[in-house]
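Below you'll find the structure, written out as structure tokens, and then a few comments.
The values are calculated or read from the model by the stated rules, or taken from the named source; none is laboratory data. Just so you know, these numbers come straight off a predicted model, no measurement behind them. Cβ atoms come from the backbone with ideal geometry, glycine included; neighbour counts cover every protein chain shown.
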2 protein chains.
Amino acid sequence: MAGAFAFKGCQKIRGAQIRVLLEAKEFFLFDCDGVIWHGENAITGAAKVVNALIRRGKNVVFVTNNSTRPRENYVNKFTRLGFTDVMLDQIFSSSYCSALYLRDVVKVRGQVFVIGCEGLRTELLEAGIPCVEEEEDDPDATIYNCALAPDVKAVLVGHDDKLTFLKLAKASCYLRDPECLFLATDNDPWHPLSGGRILPGSGSLTAALEVASGRKATVIGKPSRFMFECISSQFSGVDPAQCLMVGDRLETDMLFGSNCGLDTMLTLTGVSQIEEAQEYRSSDLTTNHSYVPDYVVDTIADFLPAFEEIEEQND
Amino acid sequence: MAGAFAFKGCQKIRGAQIRVLLEAKEFFLFDCDGVIWHGENAITGAAKVVNALIRRGKNVVFVTNNSTRPRENYVNKFTRLGFTDVMLDQIFSSSYCSALYLRDVVKVRGQVFVIGCEGLRTELLEAGIPCVEEEEDDPDATIYNCALAPDVKAVLVGHDDKLTFLKLAKASCYLRDPECLFLATDNDPWHPLSGGRILPGSGSLTAALEVASGRKATVIGKPSRFMFECISSQFSGVDPAQCLMVGDRLETDMLFGSNCGLDTMLTLTGVSQIEEAQEYRSSDLTTNHSYVPDYVVDTIADFLPAFEEIEEQND
């Protein structure tokens, strides 16, 4: 394979190998949660890594299935956590890409019914896409008596920590119309919280609606290729062979990279463990091989010594 | 096949054929919604049919996946709608059978976390099974800060028109413990409402939780065999060959009958259409044949002329 390194193949790489890889790639795609930060805490060294890549003229983008915040909030968060060089156009969230899909791909004519957080609605409204107004909390409203908007042409499901049965029921009713599109920002099943708790993800809510409607949602976020198409349309000359996708989740990030023809790197600061990757690699089911990373690091802070060596060489 | 009639096989049967069938069977299992009634309206003639079967000494039981009401409410509803001879022990709801399963089969030790209506909790409490108290509606409670009960040994999901994201998140957290059982009252995907609206069913909520937990629920209601085991344990000498399962939903009622070795009858007053049954029959996938009814009627009121003939013969 052109550009393949001897050290490629679901194993931890170190110093010199990392340096060779960083020099070879021009485009770095990072997942955020579990890779760059945990909630409000940056992964130690992550800001240095990102800033160093950008200063070295590498293209860096952030590809996140988190649909709860508009992109502006990401820029603020990056700045707040010490990633001082990150700009709006480097951020590809599933909410932003959902807005692009609705506006530019399917050119939706009509309102969108959103199951999701305020940030998702904000992103759609900024793209000029009308959303069904959320009703006041009327405790007497039920699916038997509530109003349904007449011109809903898409249902979009994202993470929604204010999900109610009524929202689910309304979405099910809208989806009875075969002309009404059914989209999901992402298919993440759950997210880890501290103390061993978990948060059901968009994939969980989407599954509920898929069963109720008897339909399958079109997924915008990773592992779907669409987010890479968004990146390619906004940056010129993106060559998959020169890209590295760095993520913490095999079923999302590694599969996304594989689907888009990118080299993939698993970082062990998030959800997936190296043992799971090795199990996928040993699987007789070849579709499981798409979950296997090309490279593994304990943390992206493992990049730092490589930069120092590069600096020493350049001195 | 012993006891098979020439008119058996996914087709509408009439007068004399119905009479022969009613005489041959000793045990009649009826689904309720879409078979016996629509909401608060009895199917025309259904009360006469049920009363006539009971008066002729046939065993009649009601097998419903509806988990929202305790059995007492069913008795009251039957009486209110003119089914004057129906007693408590004829009613097998998925809530009642869930209570039996928890108490007698798995002998649960600890609390049960219920996603479901008050009627489901009532049924469990009547069987002596402790349920986690529903908290007051604290608008500030989130999965980040809420209390979790320490001794939850089962999560039971039923129809819940007050589902919230927090309930779903709590259930997902409890299911992290592999010792915690995961049960669903039923797997119905949706229910029809008037005006073309639909209601997401337990199957929809269960799917959300299956994705969030990465586990599969044990389903108590139809099409699982367990409800038939409950009936067999409470009535002596139930012979599947002498049973007729009458329902309106191919994927639930017909499959249940097939799973339990019962003859099945589709009535066209509810969800499924005869064309769907014929499609399943023509399918190359033999598992689809389990959805095909042995007999079809427009309504169970089609039984009535048979009773008149029987009466005439007996005169």
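Of the strands (runs of 3 or more DSSP E) lying entirely inside segment B:27-146, the ones with 2 or more residues being over 30 Å from A:I198 (Cβ atoms) are found at B:27-30, B:59-64, B:91-93.
Looking at segment B:67-81, which of its residues are surrounded by fewer than 19 Cβ atoms within 10 Å (Cβ to Cβ) and of a type outside the set (K, R)? Answer for segment B:67-81, where residues must be surrounded by fewer than 19 Cβ atoms within 10 Å (Cβ to Cβ) and of a type outside the set (K, R): B:E72, B:N73, B:V75, B:N76, B:T79, B:L81. Residues that are out of contact with any strand residue (DSSP E or B) (no Cβ under 9 Å at 6 or more places or on another chain), over 15 Å from B:Q90 (Cβ atoms) and not small (G, A, S) within segment B:39-55 comprise B:E40, B:N41, B:T44, B:K48, listed in sequence order. When B:D188, B:D160 are screened for being buried (at least 20 other Cβ atoms within 10 Å of the Cβ), on the phi < 0 side of the Ramachandran plot and in contact with a helix residue (DSSP H, G or I) (Cβ under 6 Å, 6 or more places away or on another chain), only B:D188 passes. Of the helices (runs of 4 or more DSSP H) that lie entirely inside segment A:179-273, those containing 1 or more residues that are under 17 Å from the mean Cα position of the chain (by Cα) and within 14 Å of another protein chain (Cβ to nearest Cβ) span A:202-213.
Condition check ((1) in contact with a Cys (Cβ under 7 Å, 6 or more places away or on another chain); (2) closer than 29 Å to A:L124 by Cα) across all residues:
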site	(1), (2)
A:F5	no, no
A:R19	no, no
A:K25	yes, no
A:V63	no, yes
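Please go through segment A:18-42 and give me each residue that is crowded, with 18+ Cβ neighbours inside 10 Å and farther than 19 Å from A:N73 by Cβ, ordered by number.
Initial filter on segment A:18-42 (crowded, with 18+ Cβ neighbours inside 10 Å): A:18-19, A:21-22, A:25, A:27-37, A:42.
Scanning segment A:18-42 gives A:I18, A:R19, A:L21, A:L22, A:K25, A:F27, A:F28, A:L29.
Any residue in segment B:160-176 that is of a type in the set (A, V, I, L, M), within 27 Å of B:F27 (Cβ to Cβ) and outside any loop (DSSP other than H, G, I, E, B)?
Step one: of segment B:160-176, the residues of a type in the set (A, V, I, L, M) are B:163, B:166, B:168-169, B:171, B:175.
Adding the requirement that they be within 27 Å of B:F27 (Cβ to Cβ) leaves none.
No, every residue in segment B:160-176 fails to be of a type in the set (A, V, I, L, M), within 27 Å of B:F27 (Cβ to Cβ) and outside any loop (DSSP other than H, G, I, E, B).
In segment B:96-111, how many residues are within 21 Å of the chain's Cα centre (by Cα) and under 7 Å from B:I129 (Cβ atoms)? So the count comes out to 3. Would segment A:82-94 turn up any residue that is within 30 Å of A:V49 (Cα to Cα), crowded, with 18+ Cβ neighbours inside 10 Å and among the aromatic types (F, W, Y)? Checked segment A:82-94: at least one residue is within 30 Å of A:V49 (Cα to Cα), crowded, with 18+ Cβ neighbours inside 10 Å and among the aromatic types (F, W, Y). Residue count for segment B:160-178 under the criterion of being at the interface with chain A (Cβ under 7 Å from one of its Cβ atoms) and not hydroxyl-bearing (S, T, Y): the result is 9. Residues A:L163, A:L168: which one is in contact (Cβ under 8 Å) with a residue 24 or more places away in the chain and over 23 Å from the mean Cα position of the chain (by Cα)? One residue alone meets the criteria, A:L168. Residue check: B:I115 meets all listed conditions (1) modelled with pLDDT under 95; (2) within 14 Å of another protein chain (Cβ to nearest Cβ) but one, namely (1). Among the residues examined, A:S290 does not qualify as of a type in the set (S, T, Y), surrounded by fewer than 22 Cβ atoms within 10 Å (Cβ to Cβ) and farther than 29 Å from A:A42 by Cα. Which residues, counting only those in segment A:168-185, are crowded, with 17+ Cβ neighbours inside 10 Å and out of contact with any Leu (no Cβ under 9 Å at 6 or more places or on another chain)? Answer for segment A:168-185, where residues must be crowded, with 17+ Cβ neighbours inside 10 Å and out of contact with any Leu (no Cβ under 9 Å at 6 or more places or on another chain): just A:C180.
So which residues in segment A:147-157 are away from chain B (no Cβ under 12 Å), touching a residue at least 24 places away in the same chain (Cβ under 8 Å), part of a loop (DSSP other than H, G, I, E, B) and not acidic (D, E), if there are any at all? Even if it seems obvious, please write down each step before you answer.
In the first step, residues of segment A:147-157 are kept if they are away from chain B (no Cβ under 12 Å); the result is A:149-156.
Checking the rest, the ones that are also touching a residue at least 24 places away in the same chain (Cβ under 8 Å) come to A:149, A:151-156.
After this cut, where a residue has to be part of a loop (DSSP other than H, G, I, E, B) as well, the list is A:149, A:151.
Answer for segment A:147-157, where residues must be away from chain B (no Cβ under 12 Å), touching a residue at least 24 places away in the same chain (Cβ under 8 Å), part of a loop (DSSP other than H, G, I, E, B) and not acidic (D, E): just A:A149.
For the structure I just gave you, tell me whether A:V211 is touching a helix residue (DSSP H, G or I) at 6+ places or on another chain (Cβ under 6 Å), of a type in the set (A, V, I, L, M) and surrounded by fewer than 23 Cβ atoms within 10 Å (Cβ to Cβ). It is false that A:V211 is touching a helix residue (DSSP H, G or I) at 6+ places or on another chain (Cβ under 6 Å), of a type in the set (A, V, I, L, M) and surrounded by fewer than 23 Cβ atoms within 10 Å (Cβ to Cβ).
Does any residue of segment A:47-61 turn out to be at pLDDT below 95, crowded, with 20+ Cβ neighbours inside 10 Å and basic (K, R)? Checking segment A:47-61: not a single residue is at pLDDT below 95, crowded, with 20+ Cβ neighbours inside 10 Å and basic (K, R). Would you confirm whether or not segment A:229-238 contains a residue that is in contact with a Cys (Cβ under 8 Å, 6 or more places away or on another chain), buried (at least 19 other Cβ atoms within 10 Å of the Cβ) and in the same structural domain as A:V271 (by the TED database)? There is at least one residue in segment A:229-238 that is in contact with a Cys (Cβ under 8 Å, 6 or more places away or on another chain), buried (at least 19 other Cβ atoms within 10 Å of the Cβ) and in the same structural domain as A:V271 (by the TED database).
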